[in-house]
Amino acid sequence: MTEAEFRSLYGQYRDPLFRFGYRLTGSVEAAEDLVHDCFVGLFRGGFDARQGSMKTYLYAAMRNLCRKHYRDSGREDLLDENADPPVGSGVVDALISRETAAAVRLAVGALPLLQREALVLFEYEELTLDEISKIVAADLGAVKSRLHRAREALRKALAPLMKETA
Amino acid sequence: MMTERDDELRRVLRQWKAPEPGAALDERVLRDIRSPRRWWISVAAGVLLAGVLVMHLSQRRPEVVKADTQVVSVAVIADATGFQPMAEGKITVVKRTQ
């Protein structure tokens, strides 16, 4: 891969991958580190077209780096798909103070990682279910289930906001 | 199971905007892809370590194992009274049987 090719890909995918990393980790610094590692890895390791499209490849690489980030920081509990998302007091406080963005951030951040990544990729990055399925290496049924559970949890957590805006 | 768009939920979710990455990220990424691959550093370190190890082993002298020693004094007393050399001697070695 030439530097010109790399720059083109970097310009195209830097922001989406950063947003994805940020919404998974909740940290600008962590997201920047992960985007850095993702692109440097791409440049040094190259891309094999048999791995699918560049888009799904980069999202999958970013996802794996996020999971490693959680493991390294000793937060494997968030990798558990069946963990119940706690509606923390922070969400309630944010709702009370009408800080909608903060409430959404906390509610999404409280989701188990597998549900969160499905939700972020579908609702924020507007990827198709098929693309998400390839990125997270799970069948379509599992992705639909995770998305369904994430939405249910968020409807519950953000119910006061939903009623307000309806 | 709903997987189609949920506009009401999506509208609320979109209230949470992601920030922009810092400009330092671009500099860091471009700097690191331009830097030469550092594989030779690990190779050189390995060679250096092996050299040090070989030198260390070659300079090591085998330890002299000191056996427990006891000083034994042996006194040989010979009585040569009446000894006369043989006129024509012939030495015969006889193996002593147990």
How many residues does segment A:41-52 contain that are exposed (fewer than 12 other Cβ atoms within 10 Å of the Cβ) and either touching a residue at least 60 places away in the same chain (Cβ under 8 Å) or closer than 14 Å to B:ILE33 by Cβ (or both)?
3
Which of (1) more than 7 Å from every other protein chain (Cβ to nearest Cβ); (2) within 17 Å of A:GLU123 (Cβ to Cβ) is the odd one out, the single condition A:ARG19 does not satisfy?
(1)
Can you name every one of the helices (runs of 4 or more DSSP H) wholly within segment A:99-152 that holds 2 or more residues which are at positive phi and acidic (Asp, Glu)?
none
For segment A:58-75, which positions are in contact (Cβ under 8 Å) with a residue 12 or more places away in the chain and surrounded by fewer than 19 Cβ atoms within 10 Å (Cβ to Cβ)?
A:ALA60, A:ARG67, A:TYR70
Residue ID - nearest to A:GLU117 (Cα to Cα), chosen from residues in segment A:128-159 that are more than 10 Å from chain B (Cβ to nearest Cβ) and not aliphatic (A, V, I, L, M):
A:ARG146
Test B:VAL12 against the criterion of being within 8 Å of another protein chain (Cβ to nearest Cβ), part of a helix (DSSP H, G or I) and at pLDDT 75 or above, and give yes or no.
yes
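The values are calculated or read from the model by the stated rules, or taken from the named source; none is laboratory data. In this text, all values refer to a predicted model and were calculated from it rather than measured experimentally. Here the Cβ is made from the backbone with ideal geometry for all residues, glycine too, and neighbour counts use every protein chain on show.
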